[in-house]
Amino acid sequence: MGEQSYSIVEGGGVTTPKGFKAGGLHCGLKKTDRHDLGVIVCEVPAAAAAVYTTNLFQAAPLQVTREALGEGGVLRAVIVNSGNANACTGAQGEADARAMQANAAEALGVSKDQVAVASTGVIGELLKMDRVNSGIEKLPAKLRGDVQGSDDFCQAILTTDLVKKVSCVTLTADGRQVTIAGAAKGSGMIHPNMATMLGFVTTDARIGAPLLQEVLREVTNLSFNMITVDGDTSTNDMLVAMASGLAENSELTRNHPDFGAFVDGLRFVCAELAKAIARDGEGATKLIETTVVGASSDEAAQAIAKTIIGSSLVKSAVFGADANWGRIIAAVGRAGQPVNVGTVDIRLGDIVVLEQSRPVPFDEEIALEYLKGDTVGINVNLKMGSGQAMAWGCDLTYDYVRINAAYRT
């Protein structure tokens, strides 16, 4: 793969790239006193891009954000609330999303056409706009350009998440330091087909909005679109990227000598956030990392890998530390992709359990100890071609049912 072209920034966040501030507060949408309203602001007009859920019932904030980005791919801010998805709320919900946009723009002193809106939480309930508006008025005073600002924003976007999800890297373009950072939320209703998941990326790289859109979509297909918790695609999923250009590199193009480093850094940030979402799946105790190689194409490998991690039986077996490779091979066979049924190898970590589609004797006790770990690797080699993919998911636990049985109440 060659030398890594970026460096991980421990403790970095969405405010680490030049030009960004963020903040969060509790305005009263959540029943707890955790933050539920947050904002990221760029001090200059930022080149912007976004990808959205494929669910046909798209929440009102997505429509507002689509329109904002349609005005030239430029953003100054993104306003986010948690505790209420503002989805399936009709004309009133759309009016509320537009009010959030307009009120945030006024409070921050920017054009409303340069404000994106995102919401996450319970579907089908109207926003308590008096509380939202009161919170928006207080947000400018909460803006910070340090790690505390990033942390406050990260907390404001969480719902059933147990931990905040953040990643940050630096790289060099034209001899100048470029930073890419991201924050995300997601724990349940996770099966992105972008695809309840929200993601926000900030960078100080100089890159045009059309190319940023292309790259964001490409990277999403290798990261957020390769995770699943429960097979459900949310009405609100959205990933927004903003590039301030304040690193002052020459504008990135596909022919720029440092373009590959930028893409690698963005891919790492998005993959780290995606894995964090999978690891923090509702009730999850383990991250499942599935690798498929030897497929007829990358697309076939992706479909097979996602079928494996999306299988309730595979997820249940991992939860119970049961080395039941039969569930894995069954998932491979039903993924709707070309498979040579006589050449499949399967490993659990380094433990070979199937070779040339035939069972291999293995030590059950060693397998049990491996499967008790907090990360379980499922490795499949189809021996058909050069296609490969990685996907991430989590185990299916009693707590997942408990959490979602009472999510609304």
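The values are calculated or read from the model by the stated rules, or taken from the named source; none is laboratory data. Owing to the predicted nature of the structure, the values given are computational and were not obtained by experimental measurement. All Cβ positions, glycine included, derive from the backbone under ideal geometry; neighbour counts span all protein chains shown. For the accessible areas, the whole protein counts, side chains as well, though only heavy atoms, and no ligand, DNA or RNA atoms are used. Shrake-Rupley method; radii C 1.70, N 1.55, O 1.52, S 1.80 Å.
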Simple spin-label model, 7 Å along Cα-to-Cβ: ASP363 to VAL122 in nm? 5.2 nm
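Using the Cα gyration tensor of region 1-102, with a ≥ b ≥ c the square roots of its eigenvalues, what is the shape: rounded (a/c below 1.5), prolate (a/b larger than b/c) or oblate (neither)? The partial results should precede the final answer.
Details: a/c = 1.82, a/b = 1.44, b/c = 1.27.
Prolate.
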Keeping the other protein chains in place, figure out the carbon and sulfur percent of the accessible area of the chain, with a 1.4 Å probe. 49 percent
Calculate I(q)/I(0) for the chain by the Debye formula, one identical point scatterer on each C-alpha and no solvent, and give its log10 at q = 0.07, 0.14 Å⁻¹ to two decimals. -0.33, -1.18
As I understand it, the dipole of the chain uses +1 on the Cβ of Lys and Arg and -1 on the Cβ of Asp and Glu, about the Cα centre. Which of PHE200, GLY121, SER167 lies farthest toward its positive end? GLY121
Here the gain from full extension of ASP33 to GLU137, 0.36 nm per residue of separation minus their alpha-carbon distance, amounts to 35.6 nm
Taking only the alpha carbons of region 92-137, the radius of gyration and the largest Cα-Cα distance, Dmax, both in angstrom, are 10.6, 31
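What is the gain in length, in nm to one decimal, between SER386 and ALA321 on full extension, counting 0.36 nm per residue of separation less the C-alpha to C-alpha distance?
Working: separation 65, 0.36 × 65 = 23.40 nm, distance 3.09 nm.
Answer, rounded to one decimal: 20.3 nm.
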Going from the alpha-carbon gyration tensor of region 26-176, what semi-axes, largest first and in whole Å, does one get by taking the root of 5 times each eigenvalue? 24, 19, 16
Radius, Kirkwood style, for region 1-56 when every pair of distinct Cα atoms is counted (Å): 15.1 Å
Explain nothing, just compute: Karplus ³J(HN,Hα) = 6.51 cos²θ - 1.76 cosθ + 1.60, θ = phi - 60°, for every residue of region 373-380 in order, whole Hz, x for Gly and Pro. x, 8, 9, 10, x, 10, 10, 10
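Round to the nearest 0.05 the FRET efficiency obtained for ILE403 and ARG217 when R0 = 35 Å and r is the Cβ-Cβ distance.
Values: r = 31 Å, r/R0 = 0.90.
For R0 = 35 Å, the calculated efficiency reads 0.65.
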Only Cα pairs under 8 Å and at least 6 apart count here; give the relative contact order of region 1-111 as a rounded whole percent. 23 percent
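Under 1.5 on a/c is rounded, so check that first for region 271-375, then, if it is not, pick prolate when a/b is larger than b/c and oblate when it is not; a ≥ b ≥ c are the square roots of the alpha carbon gyration tensor eigenvalues.
On the way: a/c = 1.92, a/b = 1.12, b/c = 1.71.
Here region 271-375 falls in the oblate category.
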Measuring from a point 7 Å past the Cα of ALA330 along Cα-to-C-beta, which residues in region 355-375 have an amide N at less than 15 Å? none
Quickly work out the GLN177-to-GLN92 label distance, labels modelled 7 Å from Cα along the C-beta direction, and quote it in nm with one decimal. 5.0 nm
If amide H atoms are modeled at 1.01 Å from N in the peptide plane, then the residues at a separation of 5 or more from LYS165, or on another chain, having amide H under 5 Å from its own are ALA184
Taking the highest mean first, how do the peptides 383-389, 144-150 order by number of other beta carbon atoms within 10 angstrom per residue? 144-150, 383-389
Inter-part distance where region 263-291 and region 54-74 are each reduced to a Cα centre, Å: 25 Å
Rounded to whole Hz, the Karplus (6.51, -1.76, 1.60) HN-Hα couplings of region 36-47, x for glycine and proline: 9, 9, x, 8, 10, 10, 10, 6, 10, x, 9, 4
GLY385 long-range amide H proximity, modeled H, under 5 Å: GLY294, ALA295
Sorted on mean Cβ neighbours within 10 Å (highest first), peptides 116-127, 99-110 come out as 116-127, 99-110
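Does region 356-400 classify as rounded, prolate or oblate by the C-alpha gyration tensor (a ≥ b ≥ c root eigenvalues; a/c under 1.5 gives rounded; else a/b over b/c gives prolate, otherwise oblate)? Intermediate values should be presented prior to the final figure.
Working: a/c = 2.70, a/b = 1.27, b/c = 2.12.
Judged from the Cα gyration tensor, region 356-400 comes out oblate (a/c at least 1.5, b/c at or above a/b).
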Take each of the peptides 160-172, 245-257, 200-212, average the number of other beta-carbon atoms within 10 Å over its residues, and list them starting from the highest. 200-212, 160-172, 245-257
